[in-house]
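The values are calculated or read from the model by the stated rules, or taken from the named source; none is laboratory data. Values in this document were obtained by computation on a predicted structure and should not be read as measured data. Every residue, glycine as well, gets a Cβ built from its backbone with ideal geometry; the counts of neighbours run over all protein chains shown. Areas reflect the complete protein model, heavy atoms only, side chains present, ligands, DNA and RNA absent. Shrake-Rupley method; radii C 1.70, N 1.55, O 1.52, S 1.80 Å.
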Amino acid sequence: MASLSEGEVTNRGSMWELDQNLDRPMDEEAGRLKNMYREKKFSSALLLRLAFQSLGVVFGDLGTSPLYVFYNIFPRGVDNDEDVIGALSLIIYTLTLIPLLKYVFVVLRANDNGQGGTFALYSLLCRHAKINTIPNQHRTDEELTTYSRQTYEENSVAEKIKRWLEAHAYKRNILLILVLIGTCTAIGDGILTPAISVLSASGGIKVQNQNMSTDIVVLVAVVILIGLFSMQHYGTDKVGWLFAPIVLLWFILIGSVGAVNIHKYNNSVLKAYNPVYIYRFFRRRWNSDIWTSLGGVMLSITGTEALFADLCHFPVLAIQIAFTLIVFPCLLLAYTGQAAYIISHKKHVADAFYRSIPDAIYWPAFVIATAAAIVASQATISATYSIIKQALALGCFPRVKIVHTSKKFLGQIYIPDINWVLLVLCIAVTAGFKNQSQIGNAYGTAVVIVMLVTTFLMVPIMLLVWKSHWVLVVTFIVLSLMVEVPYFVACILKIDQGGWVSLVIATAFFLIMYVWHFCTVKRYEFEMHSKVSMAWILGLGPSLGLVRVPGIGFVYTELASGVPHIFSHFITNLPAIHSVVVFVCVKYLPVYTVPTEERFLVRRIGPKNFHMFRCVARYGYKDLHKRDEDFERMLFECVLFFVRLESMMEGGYSDSDEFSVPELAGTGGGALTSSAFLQGEKTCSTMCSNGELSLSSQDSIVPAQSPPPPRSSRLLTRCSEGEAASTVGDELEFLNRCKDAGVVHILGNTIVRARRDSGVVKKIAVDYMYAFMRRMCRENSVIFNVPHESLLNVGQL
């Protein structure tokens, strides 16, 4: 902690010192909360079992690509055997470079304690550099066991990159926009994957009956999609035990059929493993439809990004084992066998997968293919739920209802509103295009954009988190872009052939996320700059210039320090306030989870006879507010335990003693430890000197700007519970009596409006888009399960 010079203290003045003495940060409390966790070790048998289970969750999307790849490479048919061999060679080395080398062995290592996806990378970066656009973090948050970060030498490359990123706000905004682009296109995957997978699998019924109308195939696909989305509320845990055997059976099927076709039709396709045929393929088709073919090859690696996004319940090593031993070999056999069949049956390229299956196992293969397509769709739908949850926690998405579908797995959730939006859009795409080619173009565009975003985000990850040598970073980005840029160009050239769909979907979600985040930041900045000076609170006296009525008031605020302006607005317009006031700050941190025993921080604000406390509840982006949790009881028991610890410390315990809270009855946690609950400390703890959550002279309201004392202060103040308790027993009894008298939850409702001189775009975004989303989204009272009869909304413009 940087020490303050004499001049700085003089400039800040006595008001700042008073604020710091009366409302100190929670450094030592947070330090006492940190526990030691050991990294989990997995036995060989357990790793193999987890590798088997990962097949059903992680690899379904990637495994169903052989259903539609060759058709999208050659939509106009095949004229030359060399074209098929060249396309196969491209598929082989694309699978090797992107899924195998880039993702399985590099990107998966960039997980955030087992969590994957674009927002997980962003959270990882936010912990290593101050790039979070909502500056609600404090160094106490870094004491969490899940808050891992690196330290850098003064003149190292990583330190220079860190300072460069933190230097200007526009760099942080550019990084956020990049993350939102990747996130929104990943949501598009959740719409397009079920459409193309189920439609391709349903096409098998037409192979045996060529006179069947395409509308029948589309109708079957729509019925399957409706059934798939209608079962989401049961959760993947209910049917998860079926997924892995289905996908394993699918990989064994495509691998076996591929091997048989290589032997039966044309084993000369094996020369496609020579990369020279890639060069010949480009040279021969450069002046014709090379970009169309590249867009089709791109579909062979769809599902790779979902592989990273679904990284939740499996160790990286288990996924590496499953991919290298089962997925990768079976995919190579499947594509090679299809190429061998197409060379011998060039007219069957449109439905080569089903036509290459022996007649004896055709219908069992059709059933397995349909089941595998459903599993693949389930994986991307679940990934979409996780992405929305992460975005919501980091302030980038409106509050929606989240249902926890599994008691075993934290990551298995269901979002009803998003589920039905996905269903409507998925049916619209399937029924609107009716063919794999145009949906494939849209799908490829979404996938390649997500991959490019991941590539760019990996650069600061490798420099800041891994401290990799710049040569390795350059090698990684050159090899990645060498493959992904041509595919990106190929997909962009197909915008008018269906690729526009993914861009429209991504743009719609991007506008929602960016507008919501922008207004959230503005609300937080308003509350930071208009918070009330502690000197003003102290000047009101223990009664706060009001009648202190029996009861407890939980005042919810986004501020982790200081008194929110909404509180002064409340006591200025009402003649009474509760005997006990607790300022509750619920904030999300850039970590995947906050252990329940480290979730709550409690401190007293001001002298004891004020009966004012602050409680900070910290959550990670994977944590959920469960319906069976009694948030009110958890808060109250944390305050009670704080008072006991405070008394114990004053009773003679040394500062080195550590106390841990027993499990809160019925709440599943809430352990607190502390050594700094004493209010008699002579020194003044200051915030970080880097400006994060720091108090300066312009952060506090000077007396001339403070709200005038309420007119009710002239009334004779009376405390119905008598004088403030002088012993801990009396104070605990006092708190319990106040709770029995009633608890009120006071929620601030700050209405955001654009300034009159704002531009038209900002007025539309703030006054209409954000206002509409605020009306449609869930209230905080519902999220925290606050009883309606105990709720009091205090509004301000």
So, in segment 552-582, how many residues would count as being open to solvent by 20 Å² or more (accessible area, probe 1.4 Å), touching a Lys or Arg at 6+ places or on another chain (Cβ under 9 Å) and hydrophobic (A, V, I, L, M, F, W, C)?
2
Does LEU511 satisfy the criteria of being of a type outside the set (Val, Ile, Thr) and over 28 Å from the mean Cα position of the chain (by Cα)?
no
Taking the criterion of being farther than 30 Å from ARG284 by Cβ and open to solvent by 10 Å² or more (accessible area, probe 1.4 Å), would at least one residue in segment 84-106 satisfy it?
yes
Expected output for segment 109-123 (first residue in a strand (DSSP E or B), partner aliphatic (A, V, I, L, M) and open to solvent by less than 20 Å² (accessible area, probe 1.4 Å), Cβ below 6 Å, 6+ apart or cross-chain) is ASP112/ALA120; ASP112/LEU124
Which residues, counting only those in segment 70-104, are at pLDDT below 90, over 18 Å from ASN266 (Cβ atoms) and aromatic (Phe, Trp, Tyr)?
TYR71
Using beta carbons and a limit of 9 Å, which pairs, at least six apart or on different chains, have the first residue in segment 215-230 and open to solvent by 50 Å² or more (accessible area, probe 1.4 Å) and the second one of a type in the set (D, E, K, R) and assigned to a helix (DSSP H, G or I)?
ILE216/LYS206
Of the criteria (1) surrounded by 17 or more Cβ atoms within 10 Å (Cβ to Cβ); (2) closer than 30 Å to VAL403 by Cα; (3) of a type in the set (Gly, Ala, Ser); (4) at pLDDT 80 or above, which one ALA754 fails:
(2)
Could you give every pair whose Cβ atoms fall below 7 Å, whose first residue belongs to segment 166-177 and is of a type in the set (Asp, Glu), and whose second residue is open to solvent by 50 Å² or more (accessible area, probe 1.4 Å), counting only separations of at least 6 or pairs across chains?
GLU166/LYS130
Quick one: would you say ASP359 is crowded, with 17+ Cβ neighbours inside 10 Å, over 15 Å from VAL58 (Cα atoms) and of a type in the set (D, E, K, R)?
no
Exactly one of (1) surrounded by 18 or more Cβ atoms within 10 Å (Cβ to Cβ); (2) out of contact with any strand residue (DSSP E or B) (no Cβ under 8 Å at 6 or more places or on another chain); (3) part of a helix (DSSP H, G or I) is unmet by SER468. Its number?
(3)
Identify, please: which residue in segment 283-328 is in contact (Cβ under 8 Å) with a residue 40 or more places away in the chain, open to solvent by 20 Å² or more (accessible area, probe 1.4 Å) and among the hydroxyl-bearing types (Ser, Thr, Tyr) and is, among those, farthest from THR445 (Cα to Cα)?
THR324
For GLY722, are the conditions met, namely being out of contact with any His (no Cβ under 8 Å at 6 or more places or on another chain), modelled with pLDDT under 65, on the phi > 0 side of the Ramachandran plot and open to solvent by less than 80 Å² (accessible area, probe 1.4 Å)?
yes
Under the condition of being of a type in the set (Phe, Trp, Tyr) and touching a Gly at 6+ places or on another chain (Cβ under 8 Å), which residue from segment 326-361 is modelled with the highest pLDDT?
TYR335
Condition test on VAL157, is it at pLDDT 75 or above, surrounded by 18 or more Cβ atoms within 10 Å (Cβ to Cβ) and among the β-branched types (Val, Ile, Thr)?
no
Determine if segment 490-508 includes at least one residue that is under 19 Å from the mean Cα position of the chain (by Cα), hydrophobic (A, V, I, L, M, F, W, C) and exposed (fewer than 15 other Cβ atoms within 10 Å of the Cβ).
yes
Among the residues of segment 378-402, the number that are over 15 Å from TYR414 (Cβ atoms) and out of contact with any strand residue (DSSP E or B) (no Cβ under 6 Å at 6 or more places or on another chain) is 8
Among the residues of segment 329-349, count how many are buried (at least 17 other Cβ atoms within 10 Å of the Cβ) and under 42 Å from the mean Cα position of the chain (by Cα).
11
Only one of these is modelled with pLDDT of 85 or more and within 22 Å of ASP83 (Cα to Cα): PHE323, PHE251, PHE282. Name it.
PHE282
Among the numbered conditions (1) outside any strand (DSSP E or B); (2) of a type in the set (Ser, Thr, Tyr); (3) in contact with a helix residue (DSSP H, G or I) (Cβ under 7 Å, 6 or more places away or on another chain), tell me where SER568 comes up short.
(3)
Quick one: is SER437 in contact with a Pro (Cβ under 9 Å, 6 or more places away or on another chain) and touching a residue at least 12 places away in the same chain (Cβ under 8 Å)?
yes
Among the residues of segment 261-282, which ones are among the polar types (S, T, N, Q) and surrounded by 18 or more Cβ atoms within 10 Å (Cβ to Cβ)?
ASN261, ASN266
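Yes or no, residue by residue, for (1) within 30 Å of PRO66 (Cβ to Cβ); (2) of a type in the set (Phe, Trp, Tyr); (3) buried (at least 19 other Cβ atoms within 10 Å of the Cβ):
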position: ASP417; (1), (2), (3): no, no, no
position: LEU423; (1), (2), (3): yes, no, yes
position: THR430; (1), (2), (3): yes, no, yes
position: GLY440; (1), (2), (3): yes, no, yes
position: TYR443; (1), (2), (3): yes, yes, yes
position: ILE461; (1), (2), (3): no, no, yes
position: LEU464; (1), (2), (3): no, no, yes
position: PHE476; (1), (2), (3): yes, yes, yes
Is segment 227-245 home to any residue that is among the polar types (S, T, N, Q), part of a helix (DSSP H, G or I) and farther than 29 Å from ASP310 by Cβ?
no
Selected residue [open to solvent by less than 20 Å² (accessible area, probe 1.4 Å), in contact (Cβ under 8 Å) with a residue 12 or more places away in the chain, over 25 Å from THR96 (Cβ atoms) and out of contact with any Pro (no Cβ under 7 Å at 6 or more places or on another chain)] from TYR487, TYR524
TYR524
Could you list, in sequence order, the residues of segment 588-622 that are closer than 25 Å to ILE388 by Cβ and open to solvent by 10 Å² or more (accessible area, probe 1.4 Å)?
TYR588, TYR592, THR593, PRO595, THR596, ARG599, LYS622
Determine if segment 146-154 includes at least one residue that is open to solvent by 20 Å² or more (accessible area, probe 1.4 Å) and either within 28 Å of ARG355 (Cα to Cα) or assigned to a helix (DSSP H, G or I) (or both).
no
Residues that are under 16 Å from VAL69 (Cα atoms): which helices (runs of 4 or more DSSP H) entirely in segment 310-398 hold 1 or more of them?
328-344, 352-355, 362-393
